[in-house]
Amino acid sequence: MAVSPARPRDEGTVADTAADSLCKRSARPWVLAATILASSMVFIDGTVVNVALPALQRAFNASATDVQWVVESYALFLAALLLVGGAAGDRFGRRRVFALGVGLFAVASVWCGLTGNVMQLIFARAVQGIGGALLVPGSLALISASFPENERGKAIGTWSGYTAITAAIGPVVGGFLIEHVSWRLAFLINVPLALLVILLTFRYVPESRDQRASGSLDWTGAALASIGLGCLVYGLIESSNKGWGDVTVVATLVLAVLMIAAFISVELRHPAPMLPLRLFHSRNFSGANLLTLQLYAALGGGLYFLPLNLILVQGYSAVAAGAALLPFVLLMFSLSRWSGGLVDRYGAKRPLVIGPTIAAIGFALFAVPGIGGSYWNNYSANYWANYFPAVLVLGSGMSISVAPLTTTVMNAVDQSLAGAASGVNNAVSRTAALLAIAVFGIVMNLAFNASLDRHLKTLHIAPEKLQAVEVQRAKLAAIALPPEASGQEQTALKNAVGQSYVSGFRRVMLLSAFLALESALSAWMLIGNRP
């Protein structure tokens, strides 16, 4: 979930003629329909996959690192190429690049749905991320190019509302398909949606571009960002398996530093950089993006592990796990208009300190539940007693934070740079989640292994049966219990694995709470009530 969807790189530079940039009134609802459906595919895919991870682990006998890459490969290219995707639409035609992104996303979805092993799935997800980076910024760019200024705000609000609803419903529908049909349908369902979007796009959506866009796109910056982030994520994830002293881990982390340094150097010199560093001259803009990095790292990293805990440890169905965050999304949707007015009434600083602080309490509440006992075998009762309060508090904190954060970002720069500012902030939020999943994975692995060692030492079970569990450490909570173990032994081993995962989950959620508090501190120190 991003702070604000990527808008046109520069709404002030939409220099098309009126005939080219504004479509006929009768076509505008179809423009909205196409952009809502396309964006919904990306938003749904980003959340449904988390619910599908346990099924993917079972289907491919995959490790926790493997399923991390299923998420990270997608997030990597989406985050790294988001800004250059928006620039490509401005330069080559927004409809053309948008349609290309939708088509690429659809082809990659078919590949995901038909893949035969986890490595193929990881590569297919990477292609999905590239498609998403082309279509996401194009969605709002097309709306802005197709609606006059006096109708644009309402159109964007409609887009935001409907995409929020689909983002809430998506994991529930995906969970149903995963549980009752196949995890493959969670990907293949994108295909008919994509075909409908392409049909609507070429039938109703007019082409538009920024006539003042000149010079080459920042492909060098995009390549350096992709390689740098990719090496950084690879080094962090693989350090859990190979150790920090491994030559490959050290080499990739060093390469990541070099690539990121080279990226900054290129951005300082490029005439049209994908990341305009001059935006960070604004104290409010820098503070808001630091807050975004911390708060969305907490959100993306923490919520990655929640469905795994609910399904693999607490015994939730895929549908129930998909529905667990429904109150969170609906709360944000219902309070968005109210929270948008907080800046006008109280200034930016106060809500951006209070909101993340409440969110931190919500994350801390997720760290309280253990493994449900016999009374909680009904996971519905488990949810309302143990997880709903945390979801409610976290949703309240994020509801207070998001709209004021977006407003602060947009008000921190000149209006001619509003599109670029929004795009940068969106990219920061996605990069935060990308890096957090890798870092939180390290925390989870360390805590899980330490706890599992302690629990296994207390069990009076034959060494060969313990060894059958030991060799599957990389699967974390998805460890398959040895079939030759007795019923009592399997119960003891299952409890040891579950307790160990909960130990890691608690540390992950407390780390999320710490990052949320850090984001509140950033707001207190760096953000003023005026731009």
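The values are calculated or read from the model by the stated rules, or taken from the named source; none is laboratory data. Note that the coordinates shown come from a computational prediction; the quantities given were computed from them, not determined experimentally. Because the Cβ atoms are built from the backbone with ideal geometry, glycine has one as well, and the counts that use them run over all protein chains shown. Please note that ligands, DNA and RNA were not included when accessible areas were found on the heavy atoms of the full protein model with its side chains. Shrake-Rupley method; radii C 1.70, N 1.55, O 1.52, S 1.80 Å.
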For W219 the rounded accessible area (nearest 10 Å², probe 1.4 Å, non-protein molecules ignored) is 140
For Cα extents along the principal axes in Å the list reads [x] 68, 58, 53; [y] 85, 58, 44; [z] 78, 48, 48; the calculated value is entry [z]
Longest principal axis of the chain (C-alpha) makes with the long axis of helix 190-204 (C-alpha) an angle, in degrees to the nearest 10, of 0
To the nearest 10 degrees, the tilt of helix 28-60 (Cα long axis) against the first principal axis of the alpha carbons of the chain is 20
Simple SL model, points at 7 angstrom along Cα→Cβ for F202 and A381; separation in nm is 5.7
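Please compute the contact order of region 313-407 in relative form: average sequence separation of alpha-carbon pairs under 8 Å and at least six residues apart, divided by the residue count, as a percent. Please report the intermediate quantities before stating the final value.
Details: 105 pairs, mean separation 46.3, N = 95.
With pairs under 8 Å counted, the relative contact order is 49 percent.
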Hydrodynamic calc, region 185-255: Kirkwood Rh from Cα pairs, then Stokes-Einstein at 10 °C with viscosity 1.306 mPa s, so D in µm² s⁻¹ is 96
Expressed per residue, the solvent accessible area of region 371-530 in Å² (1.4 Å probe) is about 42
Simple spin-label estimate for S265/A59, 7 Å along Cα→Cβ, in nm, reads 4.4
Here the relative contact order (percent) of the chain, from C-alpha pairs under 8 Å and at least 6 apart, is 24
Note to self, the chain gives a 222 nm [θ] from helices alone (DSSP H runs n ≥ 4, -39500 (n - 2.57) apiece, / all residues, nearest 500) of -26000 deg cm²/dmol
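With the full set of protein chains in place, find how many percent of the accessible area of the chain is carbon and sulfur; take the probe as 1.4 Å. Walk me through the intermediate numbers first.
Working: 13780 of 21280 Å².
So the carbon and sulfur contribution to the accessible surface is 65 percent.
With a 1.4 Å probe and all protein chains left in place, how much accessible area per residue does region 178-232 have, in Å²? Walk me through the numbers on the way to the answer.
Values: 2770 Å² over 55 residues.
Solvent-accessible surface per residue comes out at 50 Å².
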